[in-house]
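> Before I ask anything, here is the structure I am working with.
The values are calculated or read from the model by the stated rules, or taken from the named source; none is laboratory data. Remember, it's a predicted structure, so these values are computed and weren't measured experimentally. All Cβ positions, glycine included, derive from the backbone under ideal geometry; neighbour counts span all protein chains shown.
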Amino acid sequence: MAQLAAAAQTINLPAEIFQRLQKPERVIEVDFPVKMDNGASRFFHGYRVQYSSLRGPYKGGLRFHAQVDLDEVKALAFWMAIKCAVVNIPMGGGKGGITLNPKELSVAELERLTRAFTRAIADTIGPDKDVPAPDVNTTPQIMDWLVDEYEKMVGHPARAVVTGKTISQGGSEGRGRATGQGAFYVFEAFRARHNLAPETTRVVVHGFGNAGQEIARQFFTHGYRVVAVADSKGAILNDNGLDIPALIDFKKAGSKIAGFPGSRDLSDDEFFGLECGVFAPSSLENTLTAERAQNMTCRMVLELANGPTTPEADAIFKQRGVPVVPDVLVNSGGVAVSYLEWLQNKQGEHWSEERVLVQLKELMDKASGEVAATAEKFGVSYRQAAFIVALER
Ligand code: GLU
């Protein structure tokens, strides 16, 4: 809300629109039982927040995580509304989640959970109403279960009810890597302004899930040295640069990065204190606190996570002259390709990866250019500029 208020003030946003963005249009909370493998029923609590439909159907992911609560889902849904406007797709903002640690569930339990949640929210979602997608700990397989259960309920094909599906169920080429790929397009649009050439720019990535792995791979492929990576279990360093494709395989095999050959383990303090060109937070909210921001020595923060920088840390980066390229621009490639998937489903088409990536790049380049120009015009941070671009739309 502080981010919204600052941007609204800069452009004298009409009070009515400001008010409409202060609260979600609708909040859905559900409790539902799931049969566990041992035969007992367990109750789960889930949310879907439909924040804004000013620009189109609600759009945004579903998160399965122990930290999910109403406040978090509301914030994430609000950012979706801003994000879709920044990248200029005709979608509104929504988000959902279930409070649980999915790693404690078997595959069969996860499927029953997803189907039960789908039944619980089925009357509130739909291809022209509200379109979920993957987020933290939710996969294309989970999206397939969701669409299957939804179609059973409505009794007709409705692939466009959810995006991020597997290819065989109507998913789009390029969706899996779209967040990281889009983020790299944004980085390329900004890098010259901040003098970040491959030879001289060390990259640090915090979070090694879908977004973190892909942005690391992009930097690696384009000749940057990705020197340190952290996941939820630990952090590693190799000053000569980590072999990212090998690290991705290593993580897939053992579900952690610690112990990767040729690297050494790092403490949290060491990790956040590393000198680097680009720091890419790619996990959860509030990773970059005031204390960490004070001690970090990087030349750019590239936000792949949603809300990784606290408002206090944001102010410190500003005062220290560290540019922060914001989440609502940087990670919008994910939802942008979700929109392309939705379009393909609606038209009964399947596009080549090349076609998808060309369109993704166009969207990201345009949004990046607009955010950079708006920052210059108003003399504001990239984050405020992104909000202004969105609010004007
Ligand atoms: N969960 C992603 C995000 O936070 C993608 C949402 C979508 O594709 O709808 O942007």
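> I need a count of the residues in the range 310-339 that are surrounded by fewer than 24 Cβ atoms within 10 Å (Cβ to Cβ), part of a helix (DSSP H, G or I) and of a type in the set (A, V, I, L, M).
Matching residues across the range 310-339 total 3.
> Another question, if that's okay. So, GLU104, is that one more than 19 Å from the chain's Cα centre (by Cα) and buried (at least 18 other Cβ atoms within 10 Å of the Cβ) or not?
no
> Failed condition for MET143, given (1) among the aliphatic types (A, V, I, L, M); (2) in a helix (DSSP H, G or I); (3) more than 30 Å from ILE98 (Cβ to Cβ); (4) in contact with a Lys or Arg (Cβ under 8 Å, 6 or more places away or on another chain), with all others met?
Just one mismatch for MET143, condition (3).
> If you don't mind, another one. Can you tell me which condition VAL162 does not meet? The list is (1) more than 24 Å from the chain's Cα centre (by Cα); (2) farther than 14 Å from GLN218 by Cβ, and all the others hold.
Result: VAL162 fails condition (1) only.
A quick yes/no check of all residues on (1) under 17 Å from VAL330 (Cα atoms); (2) buried (at least 23 other Cβ atoms within 10 Å of the Cβ); (3) free of Cβ contacts under 8 Å to residues at least 12 places away in the same chain:
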residue: PRO132; (1), (2), (3): no, yes, no
residue: PRO140; (1), (2), (3): no, no, no
residue: LYS152; (1), (2), (3): no, no, yes
residue: VAL162; (1), (2), (3): no, yes, no
residue: SER172; (1), (2), (3): no, yes, no
residue: VAL186; (1), (2), (3): yes, yes, no
residue: LEU196; (1), (2), (3): yes, no, no
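> Still on this structure, I have one more. Taking GLU104 and the conditions (1) touching a residue at least 12 places away in the same chain (Cβ under 8 Å); (2) more than 13 Å from the ligand (Cβ to nearest atom); (3) of a type in the set (D, E, K, R), which numbered condition does it fall short on, given that it satisfies the others?
(1)
> When ILE89 is evaluated against the numbered criteria (1) surrounded by fewer than 24 Cβ atoms within 10 Å (Cβ to Cβ); (2) away from the ligand (no atom under 11 Å from the Cβ); (3) β-branched (Val, Ile, Thr), which criterion, by number, is the only one it fails?
It is condition (2) that ILE89 fails.
> Okay, moving on. What are the pairs, 6+ residues apart or on separate chains, where a residue within the range 335-360 that is under 17 Å from GLY92 (Cβ atoms) and in contact (Cβ under 8 Å) with a residue 60 or more places away in the chain has its Cβ under 8 Å from a residue that is more than 16 Å from the ligand (Cβ to nearest atom) and of a type in the set (Lys, Arg)?
Qualifying pairs under 8 Å: none.
> Tally time: how many residues in the range 277-309 are crowded, with 18+ Cβ neighbours inside 10 Å and not in a strand (DSSP E or B)? Before the answer, list the steps.
To start, the set of residues in the range 277-309 that are crowded, with 18+ Cβ neighbours inside 10 Å comprises 277-285, 287-288, 292-293, 296, 298-309.
Next, from what is left, pick out any that are not in a strand (DSSP E or B): 282-285, 287, 292-293, 296, 303-308.
Summing the residues that are crowded, with 18+ Cβ neighbours inside 10 Å and not in a strand (DSSP E or B) in the range 277-309 gives 14.
> Condition check: within 30 Å of THR124 (Cβ to Cβ), among the small types (Gly, Ala, Ser), part of a helix (DSSP H, G or I) and modelled with pLDDT of 95 or more. Does GLY174 satisfy that?
No, not satisfied.
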